[in-house]
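Working notes, beginning with the structure itself.
The values are calculated or read from the model by the stated rules, or taken from the named source; none is laboratory data. This is a predicted model, so every value here is computed, not measured. Glycine also receives a Cβ, built like all others from the backbone with ideal geometry; neighbour counts cover every protein chain displayed. These area figures cover heavy atoms from the full protein model, side chains too; ligands, DNA and RNA do not enter into them. Shrake-Rupley method; radii C 1.70, N 1.55, O 1.52, S 1.80 Å.
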Amino acid sequence: MSAAANICRARAIRDFGDGFVAILLPVYLIALGLSAFEVGVVATVALLGSAMLTLAIGLLGGSRDHRVLLLAASGLMAATGLAYAAASDYAILLVVAFVGTINPSGGSTSIFVPLEHTVLSGAVAPPDRTHAFARYSLIGAFAGAFGSLLAGAPEWLALLGIGKLAAIKTMFVVYAALGVLGGLAYRGIPTSTRKPQSRPASALGPSRRIVYGLAALFSIDAFAGGFVVQSLLALWLFERFDLSLTAASAFFFCTGVLSAFSFPVAAWIGSRIGLVNTMVFTHIPSSLCLIAAAFAPSLEWVLGLLLVRAALSQMDVPTRSSYVMAVVTEAERPAAASVTAVPRSLASAASPVLAGALFASGYSIWPLLLCGGLKILYDLMLLAAFRHIKPPEERS
C-alpha cells in the first residue's frame, strides 16, 4: 500500500475517534460537574497544547523520520484516551487536555497534520496535489461523520442498564484503541532514506514572507472558528433547544457527510477558478448562514442553516492545504505546515474560553456572530493579499 493510502487510512481512523469525542467531551465534563465556562477552559487548554506539540513536530519534521514521529503521536493518542477515561479531577483533566490529542474542534487541528501533509505532498505529482488533499479530507470527513453517530452510544448503552458516565468513559477507551490502530496504519509508511542534516530541512527560506503572511491570516480564521468549535456548538444546541445526545449525533453525522462531499467539489472548483478564489467565495456564504442561525426562530431553521454552512464551510480545507504546500519549496514543507498550523491552534485556543464565558453569562448568540463576522473579514483580507500569488499549476 502506498504512503498516500496509509496516510488516508490513518486519517480515517483518527477522525472517526475525533467525531464522537468532540460531541461527548462537553457532555462528559458537564456530567463530572464542570460549568459551561470550565468546559470552555478545557477546550482552550486542549487547543493550546495542540499548538505547542504541532510546533515541536514542525521543527523536528525536516530532520527526523516522519514515520517514527507519526507512530509516537499515535501512542500519545492512545494514552490520552486512557487518561480521560480514568480522570475526574478538573486539574488533571486540564493537564491531559494540554499534553494530549483530544480535539474539541472535531476537525484536523493536531500534531498529526504537519507530518501527514508533508508525506502526502511528497507522494503525489504537483498536478495531482489538490485532488490528493481532497481525497484525504473526504476520507477524514466521512470517518468523522460516522464517528459522530457513535456519540449516541451512551444513550443506547443506558437501555442496557449501563450508567451514562461509565458509558462515556468506555468511549474514551475506544478512542485509545483507535490510536493503536492508527499507529498500525502509519507503520506502512516507508522509512525516510534522507541523511540527517546539520540544519533542519524544515527551516523556512525563500518562502518565509509568504508563510508568515498566510499564518497571520489563518490565525484570524482560527480565532473566529474557536468561538464555535464542535464541542461548544453541541453545547449551544443542548442548552438552547434541549437537543438529545442521539439527535445531536445524527445532526453532526449529516454535517460531516455534507462536508465530505464538498471536498472533491472544492478540488474541481479550485482547478477552474483558482485555490484562493475557491477558499474565499465558498467561505463567505457559510459565515452568513452561521450569523443567520443565531437569529433563527426555531430548531428546524437553525439546523437547516447549519447544514448549509456545513456544505460550504470546509471547502477551504483541501484548497488551503494544497496552496500552502504549493507556494513553498519541498524542503520548507514541514515547517510551512507547522508555522501555518501553530498560530491557527494558538488563535483558536483563545476563543473557546471567551465563548464559554458568553454562554455562562446568557449571551449565547454572540459566539456565532463573532465567528461569522471575523471569518468574513479574514476572507476579504486573504483575497486582497494573495490573489496574485499562484501555485505552479495556475501560472500561465
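Residues in region 148-176 that are at pLDDT 90 or above, under 22 Å from the mean Cα position of the chain (by Cα) and open to solvent by less than 40 Å² (accessible area, probe 1.4 Å): Ile168, Met171, Phe172, Tyr175, Ala176.
Only one of Ala4, Ala43, Ala22 is touching a helix residue (DSSP H, G or I) at 6+ places or on another chain (Cβ under 7 Å) and either farther than 17 Å from Val96 by Cα or not small (Gly, Ala, Ser) (or both). Can you tell me which? Before the answer, list the steps.
Details: Ala43 fails: either farther than 17 Å from Val96 by Cα or not small (Gly, Ala, Ser) (or both); Ala22 fails: either farther than 17 Å from Val96 by Cα or not small (Gly, Ala, Ser) (or both).
Within the list Ala4, Ala43, Ala22, the selection yields Ala4.
Cβ-Cβ distances below 7 Å connect the following pairs, each with a first residue in region 12-29 that is open to solvent by 10 Å² or more (accessible area, probe 1.4 Å), a second residue that is among the β-branched types (Val, Ile, Thr) and in a helix (DSSP H, G or I), and a separation of six or more residues or different chains: Ala12/Ile139; Val27/Ile168.
With the requirement that a residue be of a type outside the set (Val, Ile, Thr) and surrounded by fewer than 24 Cβ atoms within 10 Å (Cβ to Cβ), what does region 30-50 give you? Working first, answer last.
Here is the first cut: in region 30-50, the residues of a type outside the set (Val, Ile, Thr) are 31-38, 40, 43, 46-50.
Answer for region 30-50, where residues must be of a type outside the set (Val, Ile, Thr) and surrounded by fewer than 24 Cβ atoms within 10 Å (Cβ to Cβ): Ala31, Leu32, Gly33, Leu34, Ser35, Ala36, Phe37, Glu38, Leu48, Gly49.
From the list Val99, Val124, the lone residue that is open to solvent by 10 Å² or more (accessible area, probe 1.4 Å) and either modelled with pLDDT of 90 or more or among the aromatic types (Phe, Trp, Tyr) (or both) is Val99. Residues of region 204-214 that are surrounded by 16 or more Cβ atoms within 10 Å (Cβ to Cβ) and at pLDDT below 90: Leu204, Ser207.
So which residues in region 22-53 are closer than 20 Å to Arg344 by Cβ and either outside any helix (DSSP H, G or I) or of a type in the set (A, V, I, L, M) (or both)?
Here is the first cut: in region 22-53, the ones closer than 20 Å to Arg344 by Cβ are 22, 25, 40-53.
Selection gives Ala22, Leu25, Val41, Val42, Ala43, Val45, Ala46, Leu47, Leu48, Ala51, Met52, Leu53.
Among the helices (runs of 4 or more DSSP H) confined to region 303-389, the ones with at least 2 residues that are open to solvent by 40 Å² or more (accessible area, probe 1.4 Å) are located at 333-360, 366-386. Restricting Thr80, Thr130 to residues that are assigned to a helix (DSSP H, G or I), closer than 20 Å to Pro352 by Cβ and open to solvent by less than 40 Å² (accessible area, probe 1.4 Å) narrows the list to Thr80. If you go through region 278-302 and keep only what is more than 22 Å from Pro264 (Cα to Cα), touching a Phe, Trp or Tyr at 6+ places or on another chain (Cβ under 8 Å) and surrounded by 20 or more Cβ atoms within 10 Å (Cβ to Cβ), you end up with Ala293, Val302. Mind listing whichever residues of region 215-232 are over 16 Å from Leu374 (Cα atoms) and either modelled with pLDDT of 90 or more or of a type in the set (Gly, Ala, Ser) (or both)? Correct list: Ser231 only. Which one of the conditions (1) in contact with a His (Cβ under 9 Å, 6 or more places away or on another chain); (2) surrounded by fewer than 20 Cβ atoms within 10 Å (Cβ to Cβ) does Ile273 fail to meet, given that it meets all the rest? Result: Ile273 fails condition (1) only.
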